[in-house]
Amino acid sequence: MSDKIDNRVQSQTASGSCSLDDDIRALEALEGSEYISADYMRFRVAVARAQADVADRLAAAGGEPLVAGAAGKPLLDASLVPLDRDLLRRLLDSLCTFCAAADSASGTEDLERLQRATDKDAGLLEQLVRAACGPDPDVLQSLTRTLEIPVFALLLLGRMLAAPFMAAARLRLPERERGQEDPTGHCAVCGSPPTLSRLDKEEGHRFLMCELCGEEWEFPRLTCALCGCDEQDNLGILFISEEDPRWLETCETCKRAVKTVDERKLPDGQTARLLVEDVAGLYLDILAEKEGYVRIAF
Ligand SMILES: [Zn+2]
Ligand SMILES: [Zn+2]
């Protein structure tokens, strides 16, 4: 696997590549761990590479600063985030090519359906991406009927396509608006629940990270990052072993769990990275499901 990935990395040239290089190096360090599937790792790297390509093009194109949303709402209004139809289509085509090469039958079928539908109606992809960000369950249900793709697959796919556009839009918000804290733990920029909680290397402060827009913000340790519950009797942790740097923080109020990584327990020089933790902490998703917790619910 390493050779294939290395070749891909060398072909990257623009701004997002350094970060992706670091991710891939960290992923390679995980290679051989019995709980990590090489296929899944390749899939995540291919998606990240296609997203980085779009991110680089968006960064090169630049754009005017964006106006933040109204008080009490996410700073980015998903219905107004700038989307580029050609780049969206490019990203969809990249995902489709990769899925077909990886022989992922169900993924390829869904993506090809979406490609055909987009050929007929170019606005459809944009509609899906905005609905997945909200998310807007009514629009997603309607698209499920039109496209004959399960709603959960549409949500994942829509958010995968949306991520580089949301990240680019986040960087166009006024600096002073970012870094705000939502008491429920949701991302103040895009409204998503956090993907990962990390305890920082220096002092063990807790930071939450959003996979959709790339935002990161500090949040209290003894509070559920998914609903804001701070009743200690309702909060717990689930882990495989006490030495493990990764565990789940669970909440009986919302029955959800967030993946957590303690950077102080990671090898020297290694910090928590979303792509790497998605792969490295896969066993925690399985554990959460087994114990009856939903890891993320939108
Ligand atoms: Zn976000
Ligand atoms: Zn909760």
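The values are calculated or read from the model by the stated rules, or taken from the named source; none is laboratory data. These numbers were taken from a predicted model, which means no experiment stands behind them. Note that each Cβ is placed from the backbone with ideal geometry, even for glycine, and that neighbours are counted across all protein chains shown.
Values computed for the structure shown
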| read-out | value |
| --- | --- |
| E109 being in a helix (DSSP H, G or I), away from ligand 1 (no atom under 13 Å from the Cβ), at pLDDT below 95 and farther than 29 Å from C227 by Cβ | yes |
| Lone qualifier among A188, A163 - being at pLDDT 95 or above, crowded, with 16+ Cβ neighbours inside 10 Å and touching a Leu at 6+ places or on another chain (Cβ under 7 Å) | A163 |
| Sole residue being within 16 Å of ligand 2 (Cβ to nearest atom) and part of a loop (DSSP other than H, G, I, E, B), chosen from P183, P135 | P183 |
| Residue in the range 115-124 that is under 19 Å from the mean Cα position of the chain (by Cα) and in contact (Cβ under 8 Å) with a residue 24 or more places away in the chain present | no |
| Residue among L154, L248, L161 that is without any contact (Cβ under 8 Å) to a residue 60 or more places away in the chain, more than 16 Å from ligand 2 (Cβ to nearest atom) and outside any loop (DSSP other than H, G, I, E, B) | L154 |
| Residue identified as within 14 Å of ligand 2 (Cβ to nearest atom) and in contact with a helix residue (DSSP H, G or I) (Cβ under 7 Å, 6 or more places away or on another chain) among T260, T253 | T253 |
| Failed condition for D268, given (1) at pLDDT below 95; (2) within 16 Å of ligand 2 (Cβ to nearest atom); (3) over 15 Å from R198 (Cα atoms) | (2) |
| Test for R206: is it away from ligand 2 (no atom under 16 Å from the Cβ) and basic (K, R) | no |
| Residue selected from the range 223-242 under the condition without any contact (Cβ under 8 Å) to a residue 40 or more places away in the chain and more than 12 Å from ligand 2 (Cβ to nearest atom), by the criterion nearest to D285 (Cα to Cα) | F239 |
| Filtered residues of the range 201-224 (kept if among the charged types (D, E, K, R) and either over 18 Å from the mean Cα position of the chain (by Cα) or more than 20 Å from G134 (Cβ to Cβ) (or both)) | K201, E202, E203, R206, E216, E218, R221 |
| Some residue of the range 257-277 being under 19 Å from the mean Cα position of the chain (by Cα) and over 25 Å from L20 (Cα atoms) | yes |
| Filter result (of a type outside the set (D, E, K, R) and surrounded by fewer than 20 Cβ atoms within 10 Å (Cβ to Cβ)) within the range 27-45 | A29, L30, G32, S33, Y35, I36, S37, A38, Y40, F43 |
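Yes/no matrix, rows are residues, columns are (1) in a strand (DSSP E or B); (2) outside the structural domain of S33 (by TED's automatic domain parsing); (3) touching a residue at least 12 places away in the same chain (Cβ under 8 Å):
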{"site": "C254", "(1), (2), (3)": "no, yes, yes"}
{"site": "K259", "(1), (2), (3)": "yes, yes, yes"}
{"site": "R264", "(1), (2), (3)": "no, yes, yes"}
{"site": "G269", "(1), (2), (3)": "no, yes, no"}
{"site": "A272", "(1), (2), (3)": "no, yes, yes"}
{"site": "V276", "(1), (2), (3)": "no, yes, yes"}
{"site": "V279", "(1), (2), (3)": "no, yes, yes"}
{"site": "I286", "(1), (2), (3)": "no, yes, no"}
